[in-house]
Every structure is written in structure tokens, then in C-alpha cells.
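K.L.:
If you scroll down you'll find the structure; I have some questions about it.
The values are calculated or read from the model by the stated rules, or taken from the named source; none is laboratory data. This structure is a prediction, so every number in the text was calculated from the model and none was measured. Quick reminder, even Gly has a Cβ in these numbers, built from the backbone with ideal geometry, and neighbours come from all protein chains shown. Areas reflect the complete protein model, heavy atoms only, side chains present, ligands, DNA and RNA absent. Shrake-Rupley method; radii C 1.70, N 1.55, O 1.52, S 1.80 Å.
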Amino acid sequence: MSDTEQLINRYIDVWNERAADRRAAGLSEIWTADGSYVDPLVSAAGRDQIDAAIDGAQRQFPGFSFRLTGTVEAHHNLVRFSWELGPDGADGADEAPIAGSDVAVLAADGKLRDVHGFLDRVPG
């Protein structure tokens, strides 16, 4: 597994982390202090706002977790990957109700600087 794939797996782990202290530690580990996250529903600047966005998603979808789908693709300082959000413990055999794709921009130190999220499938 490449360093980039490990980073994106860790990113998904942080989105699934429900303990605030462990989530904050994970954000510090993988994201620059001035990083950003934006998708059609939220725009977050800095680790505190990103943490709040993750907490909000967890509160909106209790009992759900994120998982990667497909392959992580990278070139230069860009990474593209897809994910889905579905019931905890689901093995991916059933279609998750929510899915999306993200494009991440990496900083020179290899941490996430910016993540741009797109929603590919949402409930009606």
C-alpha cells in the first residue's frame, strides 16, 4: 500500500472516529493546520471547523460509517478517491444510500491541505 493510500485510509478512519480526542489527534496527524474541506453542504477552514463538520455528519447519520470504494488515484500533489456512507458493519454488498468522490490537494509535507467533496448519490 502506498503512502497516499495509507493517508486516505487514515482520512476515512478520522471521519469514522466518534471519540472527539482521538478524532482531533487524527486531524492533527493528517491535515495541515490551515487545511480546508468543502462539499455541497459545508465549507470548513482549519482543523476545528473540519472537526465540527465531521461531528455534524456523524450526528446526522448515527449508526453509519464511511468506507472507500474503488482505488485511490494520485499524481503530483492531487488524490482522487470515492467513498460511501452506509450502516455500520455493512460489507459493501448492498448499495449504501450515500456515496461521493473527493479530490484532495496535498501539502509539501504530504498532509492534506484541501479536500473537495462531491456527492454522487444521496437519498431522495
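K.L.:
Output the residue which, of all residues in segment 30-56 that are in a helix (DSSP H, G or I) and without any contact (Cβ under 8 Å) to a residue 24 or more places away in the chain, is most open to solvent (accessible area, probe 1.4 Å).
P.N.:
In the first step, residues of segment 30-56 are kept if they are in a helix (DSSP H, G or I); the result is 30, 46-56.
Keeping just the survivors that are without any contact (Cβ under 8 Å) to a residue 24 or more places away in the chain gives 46-50, 52-53, 56.
On the way: 46: 12, 47: 59, 48: 135, 49: 96, 50: 1, 52: 62, 53: 18, 56: 34 Å².
Residue satisfying both the conditions and the ranking: 48.
K.L.:
What tally of residues in segment 86-124 results from selecting those that are part of a strand (DSSP E or B) and either under 16 Å from the mean Cα position of the chain (by Cα) or of a type in the set (Gly, Ala, Ser) (or both)? Steps first, please.
P.N.:
In the first step, residues of segment 86-124 are kept if they are part of a strand (DSSP E or B); the result is 86-87, 98-106, 112-121.
With either under 16 Å from the mean Cα position of the chain (by Cα) or of a type in the set (Gly, Ala, Ser) (or both) added as a condition, the list becomes 86, 98-106, 112-121.
Residues that pass the stated criteria total 20.
K.L.:
Given the structure, is residue 59 surrounded by 12 or more Cβ atoms within 10 Å (Cβ to Cβ) and either under 13 Å from the mean Cα position of the chain (by Cα) or free of Cβ contacts under 8 Å to residues at least 24 places away in the same chain (or both)? Talk me through it step by step, then tell me what you get.
P.N.:
Working: surrounded by 12 or more Cβ atoms within 10 Å (Cβ to Cβ): no; either under 13 Å from the mean Cα position of the chain (by Cα) or free of Cβ contacts under 8 Å to residues at least 24 places away in the same chain (or both): yes.
In short, no.
K.L.:
What about residue 23, is it over 13 Å from residue 110 (Cα atoms), touching a Leu at 6+ places or on another chain (Cβ under 9 Å), free of Cβ contacts under 8 Å to residues at least 40 places away in the same chain and not in a strand (DSSP E or B)?
P.N.:
Values: over 13 Å from residue 110 (Cα atoms): yes; touching a Leu at 6+ places or on another chain (Cβ under 9 Å): no; free of Cβ contacts under 8 Å to residues at least 40 places away in the same chain: yes; not in a strand (DSSP E or B): yes.
Considered against the rule, which asks whether it is over 13 Å from residue 110 (Cα atoms), touching a Leu at 6+ places or on another chain (Cβ under 9 Å), free of Cβ contacts under 8 Å to residues at least 40 places away in the same chain and not in a strand (DSSP E or B), residue 23 comes out as no.
K.L.:
Just to be sure before I move on: is residue 68 out of contact with any helix residue (DSSP H, G or I) (no Cβ under 8 Å at 6 or more places or on another chain) and closer than 19 Å to residue 118 by Cα in the structure I sent? Full working, then the answer.
P.N.:
Details: out of contact with any helix residue (DSSP H, G or I) (no Cβ under 8 Å at 6 or more places or on another chain): no; closer than 19 Å to residue 118 by Cα: yes.
Against the criterion (out of contact with any helix residue (DSSP H, G or I) (no Cβ under 8 Å at 6 or more places or on another chain) and closer than 19 Å to residue 118 by Cα), residue 68 does not qualify.
K.L.:
Counting only residues that are in contact (Cβ under 8 Å) with a residue 12 or more places away in the chain and not in a strand (DSSP E or B), which one in segment 62-85 is nearest to residue 39 (Cα to Cα)?
P.N.:
77
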